[in-house]
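Note sheet for the following structure.
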Amino acid sequence: MGDKVIDRYALDQDAIEAEEKYDGYYAIATNLDDSAKDIIEISSKRYKIEDCFRVMKTNFSARPVFHQNKERIIAHFMICYTALLIYRLLEKKLDLNQTHFSVENIVETLKNMEIANIEDMCYMSTYTCSQVCTALNTVFDLELNKKYYQPKELNKKIKKILG
């Protein structure tokens, strides 16, 4: 039989109290010669960059990549970056209108916004309008809550979005 193991520990209260004065602070170490203000401003935006990679990986399927051809790999990432750019512009426009939604809400709403061609006479929306859809209506004035659209209407909406 093995020896009996006894675990013992002790907390160094003095060390804990000495470290507590740094609680809530974030240290930045850099070799840049910029001013502290500039470095802090850049660092404060780091989360946005990290969030972009998370959004691309999670919501735009940037990884894994199952392409072998270099051109296809580049095309795949260009599509992902373009989707991210469009999402960020949409997010910014919604935020300026005091309306914020998570990336999941926006992407899910846009994925579900489909229309069906009814014998080349009109288009029927197959989606139900959500809070995101309502906010997009407000920001872009697109009347996305209609059930039927004439082809000319959709062309006007596309031109309006593209500016």
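The values are calculated or read from the model by the stated rules, or taken from the named source; none is laboratory data. Note that this is a predicted model, so its numbers are computed, not measured. Cβ: placed from backbone, ideal geometry, glycine included. Neighbour counts: every protein chain shown.
Residue check: residue 116 meets all listed conditions (1) of a type in the set (Gly, Ala, Ser); (2) over 30 Å from residue 54 (Cα atoms); (3) part of a helix (DSSP H, G or I) but one, namely (3).
Take residue 153 and tell me if it is surrounded by 12 or more Cβ atoms within 10 Å (Cβ to Cβ), acidic (Asp, Glu) and either within 12 Å of the chain's Cα centre (by Cα) or modelled with pLDDT under 90 (or both). Yes: the conditions hold for residue 153.
Taken as a whole, the condition of being under 17 Å from the mean Cα position of the chain (by Cα), at pLDDT below 90 and surrounded by 13 or more Cβ atoms within 10 Å (Cβ to Cβ) does not apply to residue 132.
Determine whether region 51-60 contains at least one residue that is of a type in the set (Val, Ile, Thr) and loosely packed, with under 12 Cβ neighbours inside 10 Å. No, region 51-60 has no match at all. The selection criterion, being of a type in the set (A, V, I, L, M, F, W, C) and touching a residue at least 40 places away in the same chain (Cβ under 8 Å), holds for residue 94.
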